[in-house]
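See below for the structure under consideration.
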Amino acid sequence: MEQSQLEEVKSAALAQVMAAEDESALRDAEVALLGKKGTVSLLSRGISQVPPKERGAFGRAVNDVKKAVVEALTHAREGLREAAIQSELDDRSFDVTLPGIRPTGGTMHPLSQVQERLEETFIAMGYHVLDYLEVEDEFHNFEALNIPADHPARDMHDTFWTKDRLLLRTHTSPGQIRAMRTLEPPFRAVFPGKVFRYEAIDASHEHTFHQLEGLMIDRHVSVAHLNSSMQIMLSQIFGQELTIRLRPGYFPFVEPGFECDVQCMICGGAGCRVCKHSGWVEFLGCGLVHPNVLRSAGLDPDEWQGWAFGLGLSRLVMMQYGIDDIRHIMGGDLRFLRQFA
Amino acid sequence: MFISWNWLNRHVDLSGLDPHEVGQLFTLKVAELDGIHDIGEGLEAIRTVRIESVEPVEGAKKLSRVVVFDGEGERQIVCGAPNVRAAQGRVAVLAPPGATLPNGLEIREAEIRGIASAGMLASQKELGLSDEHAGIWLLNGIEPGMSLPDAIPVQDVVWEVDNKAITHRPDLWGHYGIAREVAVLTERSLRPLEPRVTLGHEERVTVSVQDLVRCPRYTALLIEDVDVKPSPEWLQALLRATGVRPISNVVDLTNFVMLDLGNPMHAFDTRYLATNGADQIEITVRAADSAESITTLDGVIRDLYDEDLLICDSEKPVALAGIMGGADSEIRSDTTSVLLEAATFQSRTVRRTSARLGLRTDSSARFEKTLDPYLPEKAAHHFCVELQKICPKATVVTPLVDISSALPAPKPIHLDPKLVSSRLGVDISVGHIRETLTKLGFVVQDRSDGYLLVQVPSWRATKDVAIVEDLIEEIGRLVGYSNIPPQAPSVVVKAPELPIAKLQERQARRYLSFGAGLHEVMSYGFTWRPMLDRLGADPSGRIEMDNTISAELDRMRRFLIPNLLNFAEKNARYESDFGLYEIGRVFQPIAPGVLPEQPRCAGGILVRRTDDHERLFRELRGVVEGLMDALGRPAVRLESTRGEDIGLREAWMHPSRSAQFIMDVAGTRTEVGFISLLHPRARDVIDTGKSSVAFFEVDLDLILSIASGPQKYEPLPKYPASTFDVSFEVSDTTSSADVQAAIVEGAGSELLRACELFGNYYLGDGKKSVSFHLTFRRDDGTLTDEQVHDIVNRSVAHLSASLGAVLRGG
Ligand SMILES: [Zn+2]
């Protein structure tokens, strides 16, 4: 075979490679040229017709042709890949605004979310977190809390009674008695949970709602301590430094008793619709534990003192999310629940 | 309760003070005000006019042509109020053209039926003063030609006191008590009550109190020559401002004294009281007889019980003590002789009777706070003094007949001044304590040991101030709680125990919401009765309520599922594939009067648009298995309950498509939950569209009561495993769990590391095919095919012998 023939094969092969417009054409060319019966592969067979002393040169020439073809293929591939990348980069048809496809996920009830966050805050501040019974007896719900039978304060606690004269706790405060009887003082504890009031429901009233009660028992407890604790606690709950104020409030199980107001976070105290233009939002009830309560829980009021507070979890949840109808909380409606993923 | 600023000014000169600012101070230092309302504003243009003549308007039955004298001249008005017809000579109020009423109505000159009308005669409601709109407002004792606010003190500021905030303060249930606090807050002086009335000497009234515990004090006196007529306008204005409808001078004054001093009173027309031979009225205070009844002022016949306390004359009950008078002896327009009662009744008695009868009155609300037994005498004099001012001929002809138990002496409290500073957390001087308490009416004496001897005034001594802490509150609130600098409490050194139960509940919640994709709901502690009834469930075994908001909530829930089914059904109107769960307490009665078991349970429900119930069941079972993993893998096992009569007795559970979760608690096999499809009969009544329903419920408290062992790491295998798949044909009543157990048992080799089901097909004719994926591995070398085959063959032989299984492939 003449050198010119080799050149001819080579230029034909390179032309074939160059002509390939995509990867599959390129693969066809590769098979046609370098496959077992490919035109370039077959060149080596011609060596038998070459005189022995020229065989070395012929072999080298054939290899050069092969090498040139392989290089051309590699180059063509790179070109194609580059073109493909460029084409993807230039593509403007990809729609990133199509809606996400979510894994099937559920939701946690907004009340659980708020409650858990509060519990975390209290755990971090060294509080026990406890959970007490919902069906209670008169002793724990009333008598031990300094609300004897026929006390007018019972009017504030419209009560669900069972046929066998037990009751559904009207507040989380029975937990105070149970905590004092089981925990070794000094201690701090909170107990969130469901409470029940015998009243008709509407957008702002529910017979079943949630509270969170807190109790601290120590050897020396003052109003100043309570003031500080409420300020720290409420700032933690809302995640910002808050101004609070205490004013007289009546709860038979504390003495003195307070309503604790938080300076309105909407207007900063200047007065707005949310705070009814007072600059303050009533947030919880609290006070120093009444000596009668300490006694009924088996603690000596000369030795131990305490403060307690109770806040409305359901109300907090409604405030936080701007929920205008309390019935949603216990309503089980997915259209409501899905909003709190 | 409503408190009038004008009224307060009768007791303390508040001139120059802003009622809103003083109200804020009251909220901060005494008790919460729910609102502060300005009333009677912008009425300067309204004038008093005398009605000179009234003529019917031809062709308009309801209209009258009225000529009024407005102080300067006459003007003509067309008026539609019926009461104008008989009002000739009376003084009315005119809204002249140009005036704007509080409701926004602008008065203009008008022509009605061709008659010019120069203004409008107004009702109280139109002036925003009360709800009274039966007719135009007719005044008494007022001259025509005056601006209304000049004629009558209609302009006032009313405080709305939160009744709950003064539950413990009987002294604040009247203006005088509020004025006492306001005087302290504003540093002005409280005027003493007016002097006493001159009493008579006729022995025409006797009082006998049979139970001095339930009626600690009863006073009565007889007033003659009373002229019953409308009250003067100043009195009517005060009553209206505080939400009380004026009726007549005598009745109004009983209300006035109640709203002033806080002690309810009652006036009887003596014509309807029996007298004895000596012309004496014999009042007896006694317990009711359960055969008795009384018709109260509101016209209702009240059946009585022996717990009720009655005021009786010598023949019959005439009043329900402390709650309401009898209808017969009420004051009428022609009453001239009045028996006045001022008494103190036991709070419990009044409370019980009023609660039982559902009869809450201004009177009962006060008596149930336990009133000051010194008050009735003051109230009786106060009434008579005021009565004689507006009805000068009225004469008290008897002494104040006064029956009482020994009135309590002032209660002394020994107060350690240091304790005040210690409890409040701020230094308070002895002088400051003494001064503050004295201003409030306490009598304070210094003792040689440094203590203060504090005598509680009678109006604070009944249910309010009794112990040192109560005094500390008095001082604290007047110091102002905002003047007590916050002080961090000492740190509790002991770290609290981690709330394990809470943390696990949280794990469960996270898993069920975000792992299993269910939505958390919260439902009532009650069971929704209509759901139970529709399910055909027997409601017994559930705690029964004595009082219910509605008959639908008459029992506590024993299971979470019925409430969840209720939610599922509601949501199925909008969605066909979803899951719900709840974590909450259920109630299992133990014995009457004993607190029930109240375990925290987790219940879940899957609603899936599928007919493949076995697949749905498996999906839910997977959810529960995942839940157990999230709870630290307690040793809970599932036991099939097919064909067995076990603990699943609720009508909504599916007897043959359900299973129990079992755990060994203290060596006892204990049911800790169940998983089930809906009973086919329940399926027919629960409408979830084309979706099927499966549910589970587990007792978290029980499960978490058994600590699950710590999880151990297993070394990773050094040698590759061999796998082998087998399929068997078995009877379709053979459970896959039995087949699996037989495979493992037949293999009898520890080299069989796992045996997992991957196929379960029903072949018909009572047969099914079950396929398992077997994994074999040695820890010390590679297994040969021969070894694997040997083990598999042993299993196959065992299955064939024990379950009649036929190898289909492998
Ligand atoms: Zn505001």
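No other residue among B:ALA488, B:ALA501, B:ALA495 is open to solvent by 10 Å² or more (accessible area, probe 1.4 Å), within 8 Å of chain A (Cβ to nearest Cβ) and part of a helix (DSSP H, G or I) apart from B:ALA501.
Consider the stretch A:223-239 and keep the residues that are at the interface with chain B (Cβ under 9 Å from one of its Cβ atoms) and without any contact (Cβ under 8 Å) to a residue 60 or more places away in the chain. The one that is most open to solvent (accessible area, probe 1.4 Å) is A:GLN231. Scanning the stretch B:504-517 for residues that are more than 20 Å from B:LEU702 (Cα to Cα), part of a helix (DSSP H, G or I), open to solvent by 20 Å² or more (accessible area, probe 1.4 Å) and facing another protein chain (nearest Cβ under 8 Å) yields a single hit, B:PHE514.
When the stretch B:17-64 is filtered for residues that are within 30 Å of B:GLY114 (Cβ to Cβ) and crowded, with 21+ Cβ neighbours inside 10 Å, the ones remaining, listed by number, are B:ILE46, B:ARG47, B:THR48, B:VAL49, B:ARG50, B:ILE51, B:SER64. Evaluate the stretch A:321-330: report whether one residue or more is over 22 Å from A:ALA153 (Cα atoms) and within 16 Å of the ligand (Cβ to nearest atom). Yes, because at least one residue in the stretch A:321-330 is over 22 Å from A:ALA153 (Cα atoms) and within 16 Å of the ligand (Cβ to nearest atom).
Evaluate the stretch A:298-305: report whether one residue or more is assigned by TED's automatic domain parsing to the domain that holds A:ASN141 and within 16 Å of the ligand (Cβ to nearest atom). Explain how you work it out, then say what you get.
First, the residues of the stretch A:298-305 that are assigned by TED's automatic domain parsing to the domain that holds A:ASN141: A:298-305.
Subset that is within 16 Å of the ligand (Cβ to nearest atom): none.
No, that holds for no residue.
Residues in the stretch B:565-601 that are more than 7 Å from every other protein chain (Cβ to nearest Cβ), free of Cβ contacts under 8 Å to residues at least 12 places away in the same chain and of a type in the set (A, V, I, L, M, F, W, C): B:ILE590, B:ALA591, B:VAL594. Within the stretch B:370-383, one or more residues are buried (at least 16 other Cβ atoms within 10 Å of the Cβ), within 36 Å of the chain's Cα centre (by Cα), among the β-branched types (Val, Ile, Thr) and modelled with pLDDT under 95. For the stretch A:77-112, a tally of residues being facing chain B (nearest Cβ under 9 Å) and either open to solvent by 50 Å² or more (accessible area, probe 1.4 Å) or of a type in the set (Asp, Glu) (or both) returns 2. Residues in the stretch B:493-528 that are among the aliphatic types (A, V, I, L, M) and within 28 Å of A:LYS194 (Cα to Cα): B:ALA495, B:LEU498, B:ILE500, B:ALA501, B:LEU503, B:ALA508, B:LEU512, B:ALA516, B:LEU518, B:VAL521, B:MET522. For the stretch B:419-428, which positions are part of a helix (DSSP H, G or I) and either more than 12 Å from every other protein chain (Cβ to nearest Cβ) or surrounded by 15 or more Cβ atoms within 10 Å (Cβ to Cβ) (or both)? Selection gives B:VAL420, B:SER421, B:SER422, B:ARG423, B:LEU424.
Looking at the structure I just gave you, is A:LEU242 within 13 Å of another protein chain (Cβ to nearest Cβ), within 16 Å of the ligand (Cβ to nearest atom) and under 28 Å from the mean Cα position of the chain (by Cα)? Can you show your working first?
Working: within 13 Å of another protein chain (Cβ to nearest Cβ): yes; within 16 Å of the ligand (Cβ to nearest atom): yes; under 28 Å from the mean Cα position of the chain (by Cα): yes.
Criteria met by A:LEU242.
Would you mind telling me which numbered condition in (1) within 16 Å of the ligand (Cβ to nearest atom); (2) within 12 Å of another protein chain (Cβ to nearest Cβ); (3) not aromatic (Phe, Trp, Tyr) A:ASN292 fails? Condition not satisfied by A:ASN292: (1). Against the numbered list (1) within 11 Å of chain B (Cβ to nearest Cβ); (2) acidic (Asp, Glu); (3) surrounded by fewer than 11 Cβ atoms within 10 Å (Cβ to Cβ), A:ASP164 comes up short only at (3). Answer yes or no: is there a residue in the stretch A:262-282 that is more than 8 Å from every other protein chain (Cβ to nearest Cβ), closer than 30 Å to B:LEU518 by Cβ and within 16 Å of the ligand (Cβ to nearest atom). Looking for residues that are more than 8 Å from every other protein chain (Cβ to nearest Cβ), closer than 30 Å to B:LEU518 by Cβ and within 16 Å of the ligand (Cβ to nearest atom), one finds none in the stretch A:262-282, hence no.
Within the stretch A:207-218, identify whether any single residue is away from the ligand (no atom under 16 Å from the Cβ), closer than 30 Å to B:ILE549 by Cα, out of contact with any Gly (no Cβ under 6 Å at 6 or more places or on another chain) and open to solvent by 30 Å² or more (accessible area, probe 1.4 Å), and answer yes or no. For the stretch A:207-218, residues away from the ligand (no atom under 16 Å from the Cβ), closer than 30 Å to B:ILE549 by Cα, out of contact with any Gly (no Cβ under 6 Å at 6 or more places or on another chain) and open to solvent by 30 Å² or more (accessible area, probe 1.4 Å): present.
Results for (1) among the β-branched types (Val, Ile, Thr); (2) closer than 24 Å to B:PRO539 by Cβ; (3) surrounded by fewer than 19 Cβ atoms within 10 Å (Cβ to Cβ), shown as yes or no for each residue.
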residue: B:GLY593; (1), (2), (3): no, yes, yes
residue: B:GLN598; (1), (2), (3): no, yes, no
residue: B:ILE605; (1), (2), (3): yes, yes, no
residue: B:PHE617; (1), (2), (3): no, no, no
residue: B:LEU620; (1), (2), (3): no, no, no
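Contact map, the stretch A:258-278: residues that are closer than 20 Å to A:ASN227 by Cβ paired with residues that are open to solvent by less than 20 Å² (accessible area, probe 1.4 Å) and within 8 Å of the ligand (Cβ to nearest atom), Cβ distance under 6 Å, separation 6+ or inter-chain. Pairs shown: A:CYS264/A:CYS275; A:CYS264/A:GLY279; A:GLY269/A:GLY279. Summed over the stretch A:167-194, the residues that are free of Cβ contacts under 8 Å to residues at least 60 places away in the same chain and within 17 Å of A:THR208 (Cα to Cα) give a count of 5. The single condition among (1) in a helix (DSSP H, G or I); (2) open to solvent by 30 Å² or more (accessible area, probe 1.4 Å); (3) not basic (Lys, Arg) that B:ASP334 does not satisfy is (1).
For the stretch B:616-642, a residue qualifies if it is among the charged types (D, E, K, R) and in a helix (DSSP H, G or I), and the qualifying residues are B:ARG618, B:GLU619, B:ARG621, B:GLU625, B:ASP629. Hey, any hits in the stretch A:307-319 for a residue that's open to solvent by 20 Å² or more (accessible area, probe 1.4 Å) and within 16 Å of the ligand (Cβ to nearest atom)? Within the stretch A:307-319 (the criterion being open to solvent by 20 Å² or more (accessible area, probe 1.4 Å) and within 16 Å of the ligand (Cβ to nearest atom)), the answer is yes, since at least one residue qualifies. Within the option set B:GLU786, B:GLU750, B:GLU756, B:GLU745, being touching a helix residue (DSSP H, G or I) at 6+ places or on another chain (Cβ under 7 Å) and open to solvent by 60 Å² or more (accessible area, probe 1.4 Å) holds for one residue only, B:GLU745.
Suppose we filter A:VAL195, A:VAL190, A:VAL254, A:VAL262 for residues that are assigned by TED's automatic domain parsing to the domain that holds A:LEU313 and over 16 Å from A:GLY312 (Cα atoms); which single one remains?
Values: A:VAL195 fails: over 16 Å from A:GLY312 (Cα atoms); A:VAL190 fails: over 16 Å from A:GLY312 (Cα atoms); A:VAL262 fails: over 16 Å from A:GLY312 (Cα atoms).
Just one listed residue meets the conditions, A:VAL254.
Looking across the stretch A:129-153, the residues that are facing chain B (nearest Cβ under 7 Å) and either open to solvent by less than 10 Å² (accessible area, probe 1.4 Å) or in contact with a Lys or Arg (Cβ under 7 Å, 6 or more places away or on another chain) (or both) come down to A:VAL129, A:ASP131, A:GLU134, A:VAL135, A:ASP150, A:PRO152, A:ALA153.
The values are calculated or read from the model by the stated rules, or taken from the named source; none is laboratory data. Please read these numbers as outputs of a predicted model, since none were measured by experiment. So basically every Cβ, Gly included, is an ideal-geometry build from the backbone, and we count neighbours across all protein chains shown. Just the protein is used for accessible areas: all its heavy atoms, side chains included, with ligands, DNA and RNA removed. Shrake-Rupley method; radii C 1.70, N 1.55, O 1.52, S 1.80 Å.
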